[in-house]
1. 7 Å from Cα along Cα→Cβ at both Leu79 and Leu152: what's the point-to-point distance in nm?
2. Provide the gained length on full extension for the span Leu292 to Phe260, in nm with one decimal, where the gain is 0.36 nm per separating residue minus the Cα-Cα distance.
3. Could you work out the helix-only [θ] at 222 nm for the chain, with each DSSP H run of four or more residues adding -39,500 (n - 2.57) and the total divided by the number of residues, to the nearest 500 deg cm²/dmol?
4. Residues of the stretch 277-297 with backbone nitrogen within less than 16 Å of a virtual label 7 Å along the Cα-to-Cβ line of Thr223, please, listed as ranges.
5. By how many nm would the segment from Ser215 to Ile277 lengthen if fully extended, with 0.36 nm per residue of separation less the alpha-carbon distance?
6. In degrees, nearest 10, range 0 to 90: what is the angle between the Cα axis of helix 93-115 and the longest Cα principal axis of the chain?
7. I need the calculated FRET efficiency for the pair Ile98 and Leu161, taking r as the beta carbon distance and R₀ as 35 Å, to the nearest 0.05.
8. May I ask for the distance between the Cα centers of the stretch 179-195 and the stretch 3-42, given as a whole number of Å?
Amino acid sequence: MNTTLVLVQVLNGLQLGVLLFLIAAGLTLVFGVMDFVNLAHGVQYMLGAYLAVTFHAATGSFVAALVLGLAAALAIGLLIEFAVLRHFYGRDHLDQVIATFAIIIVVNQGVKLLWGGAPLTMPMPEALSGSVRLMEGLLYPVWRLAIIACGLAVALGLYGLVSHTRTGMRVRAGAANAEMAAALGINIRRLFSIVFGFGSMLAGFAGIMVAPIFSVEPGMGDTVLVLALVVIVIGGIGSIRGALLGALLVGLVDALGRSFLVDLLRLAIGPSPARTIGPAIGSMLIYLVMALVLTFRPSGLFPARGR
């Protein structure tokens, strides 16, 4: 275990964390404000990646692909909310789960029909390609640093939006007590649409940012949805601060655990058993963290006020 490897894995954990935050931020607000179980949030991440690939192929510009992809992700999110989800507001959570699971199946099959089942790739911006020297012996891809910077910038902007604007005040009121907010004159239906559309756009933004480094393929949103749900449980439903800190915690625990748990176990149980059980424990480490949080803080580390 050396310093360079530790720093690389810390940066990898931060990158994973900010991507999970972009997905979990919208999802936690949908849960907190709308009390709606939306399992289809991961398909917005997938659609963001596919839209970026398509718009980049049409325009040859990453900036154009980013802008058009965000606009399309917002429009698709609003369309899904208007056409399907609003009919399930106030319904039993099981109904919501079934409806959003159906959306997952339909969108995944639709993606295969439109783009095929083969993985797609997208070139990263030329200005942000290559690596940068952070210290002696440590080169790190510029694009991955850009993902970290963009994710943290979005987190800061989202915090300002939710904490210091009138719309944010309504969102916080809805997350704390939607019925009371409605009684005070807030248009909850419009608030739901804003929250869902904005959350879809954030998930699409995460998909756009990973398109140059990951394969774009059907079902790619399913895994990140599970991780985003873990983030929400750890951070607290309805809390942007909880989503950010929970996402960073999950990203760091996952990256560092998978890389160094075997070495740590060797000190306690010997090399052979460590190589056998270390990878298995490392892959489920974030779920153990979630179990600990549920045991001692069932509402999460930083739940929204009123929860």
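1. Placing both labels 7 Å beyond Cα along the Cβ direction yields 3.7 nm.
2. This chain segment gains 9.5 nm when fully extended.
3. Computed ellipticity for the chain at 222 nm equals -25500 deg cm²/dmol.
4. What the label zone holds, given the 16 Å backbone N cut-off, is 280, 282-287.
5. That pair, Ser215 and Ile277, stretches by 19.4 nm at full extension.
6. 70
7. So the FRET efficiency works out to roughly 0.60.
8. 26
Read-outs throughout are calculated quantities, based only on the coordinates presented, and are distinct from any laboratory measurement. Predicted, not measured: the structure shown is a model, and the values here were computed from it. Virtual Cβ from ideal backbone geometry, glycine too; neighbours counted across all protein chains shown.
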